[in-house]
Amino acid sequence: MSQTIPNAPTGKNATAPCDARVFVITDSASDITQEEAAELGIRVVPLTTTFPDGTYRDGIDIKAGDFYEKVASTDSIPITSQPSPAEFLDAFETSLSTADSIVCITISSGLSGTFQSACIARDNLAEQLQSRVHIVDSLTCSVAEGLLVRVATQMRDAGETAETIALEAERLRDKVHIVALVDTLDYLSKGGRMPKALSAAATLLSIRPVIGTVDGKVALLGQARGPKKGQNVLTKVVQQSGGVNFALPFRLAYSGGGCELLKRYWEENDDLHAEWRKEPPISMLGPVIGSHSGPGAIAVAFFENE
């Protein structure tokens, strides 16, 4: 399966977006790499992950593949941190020096203080600039957050205003889903996003949990014993969420060691993608999301059918 970017802009906006009327900004929890950001004509503000040997900017100082190798070689689970308001302020001021307005889409405020950092940064802009920055709390994370960003770039390229783009992103955030089959809940429980007792029970019973975001927070959506049954539950949850709307961007993703599992999952679940006849778009879950999912996870991000 090749890694492709659906509906990626080409031409002027792909390499020189600085003269666009609307500039799109997101954070690295969207799992949009710096290379993809250059193609899409956007800016990605990095979160950080901290190991015993130091702190790394997501996607800049450490890439996804290197991150999972580092996780495998250490007993500690890295700590993630949001960007500072100063980092967003720099991104806003730089962008507004050439663009008319900004749409900034962040990871859910229920999972990170990134949205708050962006809002503080906007409040520290000159008063006449503040109204030109539109910040959207995605209420989700990872490649699902990235889907909202991709729709925003499509609307930007179609000439829509920042206000229209932000309003549509806020409407669509109720329609976007990420559903993931994880190998363990240990990473989420140690990060404080799942009860430790639930993680211990899942490990004891050899349960493969299926998780997603509900009301902006991580939630357990299903569980099964063994990877095969776990994949069946994953597909069932996707279908219960309305099924994949292939008219809008969608994404598959995996964390370290999960590529072959994702490939088998796609090949064995024709009912999930009967309408899609091309190679699926694939991403690797980056360091921030990988710090909470752990290795061996697979995910489907999509807009539900309306």
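The residues on offer are Thr80, Thr98, and the sole one that is surrounded by 17 or more Cβ atoms within 10 Å (Cβ to Cβ) and of a type in the set (Val, Ile, Thr) is Thr80.
The rows are residues; the columns are (1) in a loop (DSSP other than H, G, I, E, B); (2) assigned by TED's automatic domain parsing to the domain that holds Gly212; (3) buried (at least 21 other Cβ atoms within 10 Å of the Cβ).
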| residue | (1), (2), (3) |
| --- | --- |
| Thr49 | no, no, yes |
| Ile60 | yes, no, no |
| Glu69 | no, no, no |
| Thr74 | yes, no, no |
| Glu93 | no, no, no |
| Cys104 | no, no, yes |
| Ile120 | no, no, no |
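Exactly one residue out of Leu221, Leu234 is within 29 Å of Arg171 (Cα to Cα), in contact with a Gly (Cβ under 8 Å, 6 or more places away or on another chain) and not in a helix (DSSP H, G or I): that is Leu221. Checking every residue in region 147-154 against the condition of being over 18 Å from Leu172 (Cβ atoms) and either β-branched (Val, Ile, Thr) or in contact with an Asp or Glu (Cβ under 7 Å, 6 or more places away or on another chain) (or both) gives zero matches.
Candidates are the residues of region 146-171 that are more than 23 Å from Gly286 (Cα to Cα) and of a type in the set (A, V, I, L, M, F, W, C); the one that is surrounded by the most Cβ atoms within 10 Å (Cβ to Cβ) is Ile165. When we screen Gly286, Gly294, Gly257 for residues that are small (Gly, Ala, Ser), surrounded by fewer than 19 Cβ atoms within 10 Å (Cβ to Cβ) and touching a residue at least 24 places away in the same chain (Cβ under 8 Å), the only hit is Gly257. Filtered by the rule that a residue be among the hydrophobic types (A, V, I, L, M, F, W, C) and modelled with pLDDT of 90 or more, region 239-266 gives Val244, Phe246, Ala247, Leu248, Phe250, Leu252, Ala253, Cys259, Leu262.
The values are calculated or read from the model by the stated rules, or taken from the named source; none is laboratory data. Predicted model only: the values in this text are computed from it and were never measured. Cβ: placed from backbone, ideal geometry, glycine included. Neighbour counts: every protein chain shown.
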